[in-house]
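Before any comments, here is the structure.
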Amino acid sequence: MKLRLRDRDKLRTKFIELDTQKCQACWKCLAGCKNNVIGKVDIIIHKHALIKNPENCTGCLKCVKACEFGAYSKKGAQRGIN
Ligand code: SF4
Ligand code: SF4
């Protein structure tokens, strides 16, 4: 199913992208991001991180380093744009 524009905004900032399919809901990225960019969906059968304040992202990449499941990537990295 195609994501609506509003939903796609919850998966990226200017600097990073989040693949919610890889998220294991460990919440380490929330603890790592000091800028309150990352939020969570936390209901019984549906749990994952999401981007709630993309405008606050400074591109520090702590979320990329914090996630051992590879859910975050530097924007453009998967397409070879750096
Ligand atoms: S660190 Fe990775 S696996 Fe853990 S909540 Fe964040 S995105 Fe999900
Ligand atoms: S790059 Fe830094 S500021 Fe942006 S979401 Fe990740 S940890 Fe937060």
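For region 42-68, the set of residues classified as more than 11 Å from Leu30 (Cβ to Cβ) and surrounded by fewer than 14 Cβ atoms within 10 Å (Cβ to Cβ) consists of Ile43, Ile44, Ile45, His46, Asn53, Glu55, Thr58, Gly59, Lys65, Glu68, listed by residue number.
Taking residues in region 16-30 that are more than 16 Å from Thr58 (Cβ to Cβ) and in contact (Cβ under 8 Å) with a residue 12 or more places away in the chain, and partners anywhere that are more than 14 Å from ligand 2 (Cβ to nearest atom) and among the basic types (Lys, Arg), the pairs with Cβ atoms closer than 7 Å and at least 6 places apart or on different chains are Ala25/Lys47. Filtered by the rule that a residue be near ligand 1 (Cβ under 10 Å from one of its atoms) and touching a Gly at 6+ places or on another chain (Cβ under 6 Å), region 30-59 gives a lone residue, Leu50. Pairs are defined by a Cβ separation below 6 Å, a sequence spacing of at least 6 or placement on different chains, a first member in region 42-58 that is at pLDDT 95 or above, and a second member that is aromatic (Phe, Trp, Tyr); the pairs so defined are Cys57/Phe15. Within region 15-29, the set of residues being touching a Lys or Arg at 6+ places or on another chain (Cβ under 9 Å), more than 9 Å from ligand 2 (Cβ to nearest atom) and not β-branched (Val, Ile, Thr) comprises Glu17, Cys23, Gln24, Ala25, Trp27. Anything in region 1-30 that is at pLDDT 95 or above and part of a loop (DSSP other than H, G, I, E, B)? List them, or say none. Scanning region 1-30 gives Thr13, Lys14, Phe15, Asp19, Cys23, Gln24, Ala25, Cys26, Trp27. Val37 meets all of the listed conditions (1) under 11 Å from the mean Cα position of the chain (by Cα); (2) at pLDDT below 95; (3) hydrophobic (A, V, I, L, M, F, W, C) but one, namely (2). Candidates in region 40-74 are the residues that are more than 11 Å from ligand 2 (Cβ to nearest atom) and among the acidic types (Asp, Glu); of these, the one that is nearest to the chain's Cα centre (by Cα) is Glu68.
The values are calculated or read from the model by the stated rules, or taken from the named source; none is laboratory data. Nothing here was measured: the structure is a model prediction, and the numbers come from that model. Ideal geometry is used to build each Cβ from the backbone, glycine not excepted, and the neighbour counts take in all protein chains shown.
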